[in-house]
1. Within the range 105-115, is even one residue crowded, with 17+ Cβ neighbours inside 10 Å and closer than 22 Å to L150 by Cα?
2. Please give the number of the condition S679 fails out of (1) open to solvent by less than 30 Å² (accessible area, probe 1.4 Å); (2) at pLDDT 90 or above; (3) not aliphatic (A, V, I, L, M).
3. Is it the case, given these coordinates, that E170 is closer than 19 Å to D225 by Cβ and open to solvent by 80 Å² or more (accessible area, probe 1.4 Å)?
4. Show me the helices (runs of 4 or more DSSP H) found entirely inside the range 760-844 where at least 1 residues are modelled with pLDDT of 85 or more.
5. Looking at the range 14-31, can you tell me whether even one residue there is over 21 Å from L156 (Cα atoms), among the acidic types (D, E) and open to solvent by less than 60 Å² (accessible area, probe 1.4 Å)?
6. Looking at R45, R36, which is the one that is under 21 Å from G115 (Cα atoms), charged (D, E, K, R) and either open to solvent by less than 70 Å² (accessible area, probe 1.4 Å) or modelled with pLDDT of 90 or more (or both)?
7. Output the residues belonging to the range 613-640 that are under 26 Å from E551 (Cα atoms), in a helix (DSSP H, G or I) and over 56 Å from the mean Cα position of the chain (by Cα).
8. Buried (at least 19 other Cβ atoms within 10 Å of the Cβ) and either more than 19 Å from A404 (Cα to Cα) or at pLDDT below 90 (or both), is that true of L376?
Amino acid sequence: MMNCELLATCSALGYLEGDNYHKEPDCLESIKDLIRYLRHEDETRDIRQQLGAAQILQNDLLPIIAQYPQEKVLYEAVIRLLVNLTQPALLCFGKVPDNPTFRHHFMQAVSYLQGYKEAFADEKVFGVLSEKLYDLLQLDWEQRQEEDNLLIERILLLVRNVLHVPYDPEEEKKNIDDDANVHDKVLWAMHMSGMDDLIKFLATSQEEQQWAMHILEIISLMFRDQKPDQLATTGQAKTVKEKENESRELEILKQRELAAKKKRTFERGTRHSRFGGTYLIQGLKSIADRDVVCHMGVHKLKNYSHDSGKKINRVPKRKQAAKEVEGKRRSALNVRLFLKEFCVDFLENCYNRLMYVVKDNLIREKAQQFDETYYLWAMPFFMEFNRVYRFRPELVSETVSIRAFHFVERNITNYYEMMLTDKAAASSWSRRMHLALKAYQELLNTINEMDHSKDGNLRESSRVIKCNIFYVMEFRELFLTLFRKYDATKQPKSFLKDLIETTHLFIRMIEKFCKGQNNLFVQKKKAKRKKTKAKQLASTSTEKSQEELEEMWKLTLEQLGKCTEDQELLPDDVVPFDAALEIPVEEQRAEAMIRIQDALLAGKAAEALVLLRAAREVWPEGDVFGSSDLRLEDESQLLRQLLFAKLPRQPAVEAVETDEFRDEEIEEEETESVRVRESEFNFLDYLKRFANAGVVKPYILLLKDYRQNSTHTNHCIVKMLYRVAYHLKMDTLLYQLSVFHLFNHILEDPAASSYQELVKFCKYVLNRFFTLVANNSKAYVELLFWKNIATIREMTEGYRKDDQSGESKRAPTWSSEEEEELETLYLRFKEEEGDKDVIDNIMEHIKNDLRTRKQIAAKLVQLNLVDSIRDLKRAKKGTKIVLWREEQEMELETLFVKFRGSDDVLGNIMKNITCKRSRPRVIDKLISMGLVSDRKELYKKRRKLTKAANQEEEEDFLNDLGYDAVQGSSEVEDELDEDDSSEDERGELMIKSRSRYAAKEDGQKMGESEPDPAIPSLCCKLQQQGLSGPLLWLQNCLNRTADKREDDGTSIAVPLVPLSEDNEDAMEHEVFQKLLKKVGIRPPADEQESFWRISANLNFQQLRKIASVIALQDGGGEAVERDEDVSADQRSEALRTLVMAREKNATPTKGGDDESEERTRRAHESTSGSDSDTKSYGEKTKPKHLLKRSRLLDSDDEMDDRDEETVEVEAMEDPDADSEGSDSKVTHRLIKRRRRAIDDDVDDED
């Protein structure tokens, strides 16, 4: 029953009289009311169902757009309503409802959509849509309004919605191949109206790139029922191979029909039909332990079974096999011809460009979720069409590359992980993984086709691609992983079929590639487990008694005596410190003493003596290792003291922590670090990895459908089993009762003559089995179980006794009841989710409490319930979180900006982030967001705690620059005295003060560093080539970035986005790119970046200096002036440093502010010259941005600020100063020495 208000609104639209529609005056308002009603419908979508029952779309909306296309407002409103009404039911309900009531509403909505699709199968309707879309596309971008773009998108969405409507199963039963269904009628209407030509135009137009995802989705829906190989051969005569296949299929059917007829003939008994006969079946026991009494004819004896008459148990839903997707059908001939022509035009004009734009949108995350599935569908479809029709690799060059392989492999891995994580939507993830696998298969087929081409360039290109594919380990291990993790309840047999065929092709290609080369080096990754901190601390040296030390010293004296006689016994490659450690060399003195003591304890007196002498040269201060003029007797006494001394070692007690903290630490430090190395590839070793029960089982599962399989599929299965049984000599792996039962069916098949390859292989395996049985009668029992490598060896070489195996004594025994209990508990808890894993739940409920986790895991693997112990590892914290939401990315960026100046950026982020994740995931996200370019920027910075001689020079140099480092450190010491803090707190505060001084020094050094001297010549060269405009644009970008960094106080890599064609051309110019690198602008780091970026390491002072250098290049003489400025800078800095050095030699009388002010005043007086000269020079060389800013200042405070800035600039600029050559050389050396000392300190701190 329709709502009264809704009925009144529909009545106000108008009425249809014959073929003419008469709209009411309130037609537009009524359509807007319908849109408003749809916006407020309930969960059952009642408004949508009522409008569908009233057939508003068929009787009112389509006639309105057909007869009133000139009324723009009305036309746009109707299109908007049509898009809403044709929206897929899955989007309306979210998913297929489980509730029967909601499922009924869902099916009702689908039925109305099917009626809508049939109404759209009209050439007149699509003609109106095509004309409107054509008129909109004729408008230039300057003339096109926002409403026009919105209408274009709505028309494309309407076409998408109509094509998306599923077919009616009842109607499809009536249609056969070569018959037109509703979908074919819609496609034909699109073709006759010219809509397909507009779709191709949108796909190839550079100005319409924003509709790329809509176009690809529409194309995928157009070809959803088609097979590319059938489409490519449409209109052509059948090949010889096709004729042979058809005759073979007819022969199989004929043989089976004759066998069935013969069987029915033998079933007719010779006796009267009333007397069937009663017999005893010898050897087959009944319930009463007697022979079974059979009340049927002898000809039916083979069909006898104890299971006849029993109730068939229903298979649980979670154990049911995955359902296959909708089957393909052959459309009408005229539709197939039109689609074939569409494919040819699309490949020649649109494919490469459209796939490039779509891939770019996917990488930059401009598309919606799961849009990559359309890309993964288009790759195999059009590449297979191109391969079967007329193989032209240049038409699909965009998707034939190493990046395409990497993109597909990454999606397969991601879909597989999500299928295991998101179990509610496992079937959806499985279908997506199937699409990615088919794309991978077609990539291999295309490479294989290129390898057989007559063109030498194509063969060379395929060889290069194969080298890269076979080299990377992930591409080789992909198939093994998919086989071992195959789940028939989540993945259909069509997926298994494509997986087996793809594996067959890959193995054949790599086998042929290895035969053509002498050796093939590939990449191997080995997981190396890091030791925990507790284990490292536990490895301390054992203390020895006084008597033992005396005995060792006697032996040491004898060795030292031999060393005095023969100096060649002393090793010459001993270093007392480890330069690779982050600890400075000055702080490794205690470690050197421990190394000397360890050498003495190990009986290596010569090494200890050399270590003592080397340590004396490295640390001469304090004569800790003796003076430089020691004799051998004195050195021996010093070694004796070191041997008997109790040196402080790091005790194992430091590892005592709470259980919770220790578990977290072990969990973090036991992460597997992957070590990559190269090794020579061995094909047989790679093939041995397929000789596994987990790989063979899927092959046998698909072999059971050998009658439905194609000839090629059966060949792929038999070829792999033959490799395992013959090449690897592991036919014992196939000795299993279910496999032999399948072999029996194949051999007894009436059409067995058509499966010669299968029959031959079955006979080979059976002959090998009966040969083995002659020597091992226990092989019959082994048929009941799948076997591993150890069992296969025992079956062929003989079983070991318990006393011959050391492992059997230690291995725990399991009774049959315990095995049944373990299997029951595993099946009970394997699907449960929570904080505890499967083994934790089993250990809580198992009767034998003495079973350990390792024993249970090993037994599960032995029972073939799991493939490997690795599958039973505890899930690490944070690994289940895969996707990053927008608010989490904003939080991560905020934390990075907040802590980027700290010593441990990553540690602070990990402590403060809300959603806990692992460190590698956070590092990868920071790199992908462009916040850092290298993971080394996130390493923890080490700071020294001791104050060395270099630090004193650093403080003196800071004082020379105008910063009173002594006062700063004294303030810190005063704070420490007032707070009466401990030594640890003092050390921490001293670290903070040191880092603050170092940061100020680094800032000054960065600000004072000069740009690359090659920049002026590059600018002149670019000006001569007519690139003055891009240079000006680059200068403006640098100035804007400098202003922003000065105002915000933050430094983030800023991309250079060229908006004009001149700037885009300049970014591709070789000399301009060289200038960008000299300036400090880095190129894109990876495929996720497209623009050059201004480095975050450049501060605002450097950016302005670089911009000024670019701005001054008006002719060839500017470079000379720049050299003079640089020399003036050096002279000025040298004089100022000389004055500071002379003041330091004098006796200080005062400290604090007066001393620093006096020192600064003298420095300026010695370098400035007259006031007038300084003022004129400062005005002449003052940067433009400061002059402009000074003109805009009004208040007194702002004038004071301007004066301070002017003083700073004048201090940075270099006035002319006359000095003697000798003073200049001395001061220049002094500057170099001080800079070298500071750089060494900074390197040690880093």
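1. No, there is no match, as no residue in the range 105-115 is crowded, with 17+ Cβ neighbours inside 10 Å and closer than 22 Å to L150 by Cα.
2. Only one criterion is unmet by S679, namely (2).
3. Taking the combined requirement at face value, the residue satisfies it.
4. In the range 760-844, 779-782, 789-797, 816-829 are the helices (runs of 4 or more DSSP H) which contain 1 or more residues that are modelled with pLDDT of 85 or more.
5. Taking the range 14-31 as the starting set, the residues that turn out to be over 21 Å from L156 (Cα atoms) are 14-30.
Still in the list and also among the acidic types (D, E): 17, 19, 24, 26, 29.
Narrowing the set further to residues that are open to solvent by less than 60 Å² (accessible area, probe 1.4 Å) leaves none.
No, the range 14-31 contains no residue that is over 21 Å from L156 (Cα atoms), among the acidic types (D, E) and open to solvent by less than 60 Å² (accessible area, probe 1.4 Å).
6. Exactly one of R45, R36 is under 21 Å from G115 (Cα atoms), charged (D, E, K, R) and either open to solvent by less than 70 Å² (accessible area, probe 1.4 Å) or modelled with pLDDT of 90 or more (or both), namely R45.
7. L632, E633, D634, E635, S636, Q637, L638, L639, R640
8. Working: buried (at least 19 other Cβ atoms within 10 Å of the Cβ): yes; either more than 19 Å from A404 (Cα to Cα) or at pLDDT below 90 (or both): no.
So L376 fails the test.
The values are calculated or read from the model by the stated rules, or taken from the named source; none is laboratory data. Worth saying up front: this structure is predicted, and the values here are computed from it rather than measured. Reconstructed Cβ throughout: ideal geometry from the backbone, glycine too, with neighbour counts over all protein chains shown. With ligands, DNA and RNA removed, areas are computed over all heavy atoms of the protein, side chains included. Shrake-Rupley method; radii C 1.70, N 1.55, O 1.52, S 1.80 Å.
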